[in-house]
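As structure tokens, the structure follows; a few thoughts come after it.
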Amino acid sequence: MNEVLETIAKALVDNPDDVVINEKTEENSTVLELKVNPDDMGKVIGKQGRIAKAIRTVVKAAASREDKHVVVEII
């Protein structure tokens, strides 16, 4: 799931080298923390959070194909 999230995030931002993804495994789910350059935060979140919601939807769909539960947090 890291690869999917990283590909999407790097395509959206102006500073793709600043994209960092940390993976934390909890009881029955995986949390992916996405960190981007503060100047690119608006591009990742989008108007009214639409892009962030779309990113979460795509990552969850990819995870469901592998029977995993993934949560994306934008930090």
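Out of I21, I8, one residue alone is of a type outside the set (S, T, Y), modelled with pLDDT of 95 or more and touching a strand residue (DSSP E or B) at 6+ places or on another chain (Cβ under 7 Å). It is I21.
Being assigned to a loop (DSSP other than H, G, I, E, B) and either in contact with a strand residue (DSSP E or B) (Cβ under 8 Å, 6 or more places away or on another chain) or of a type in the set (D, E, K, R) (or both) is a condition met by no residue of region 47-54.
Residues considered: V59, V71, V4, V44. Of these, the only one that is surrounded by 11 or more Cβ atoms within 10 Å (Cβ to Cβ) and assigned to a strand (DSSP E or B) is V71. Show the residue pairs that are 6+ apart or on different chains and have beta-carbon atoms under 7 Å apart, the first residue being within region 31-59 and modelled with pLDDT under 95, the second being surrounded by 16 or more Cβ atoms within 10 Å (Cβ to Cβ) and among the hydroxyl-bearing types (S, T, Y). Nothing qualifies. Is there any pair with a first residue in region 3-29 that is touching a residue at least 24 places away in the same chain (Cβ under 8 Å) and closer than 16 Å to R56 by Cα and a second that is assigned to a strand (DSSP E or B) and among the β-branched types (V, I, T) whose Cβ atoms are under 8 Å apart and which are 6 or more apart or on different chains, and what are they? If the second residue must be assigned to a strand (DSSP E or B) and among the β-branched types (V, I, T), the pairs left are L5/I21; L5/V72; A9/I21; S29/V70; S29/V71. Among the residues making up region 10-24, those that are exposed (fewer than 15 other Cβ atoms within 10 Å of the Cβ) and outside any helix (DSSP H, G or I) are D14, N15, V20, N22, E23, K24.
The values are calculated or read from the model by the stated rules, or taken from the named source; none is laboratory data. Everything quoted here is computed from the prediction, not taken from an experiment. Glycine also receives a Cβ, built like all others from the backbone with ideal geometry; neighbour counts cover every protein chain displayed.
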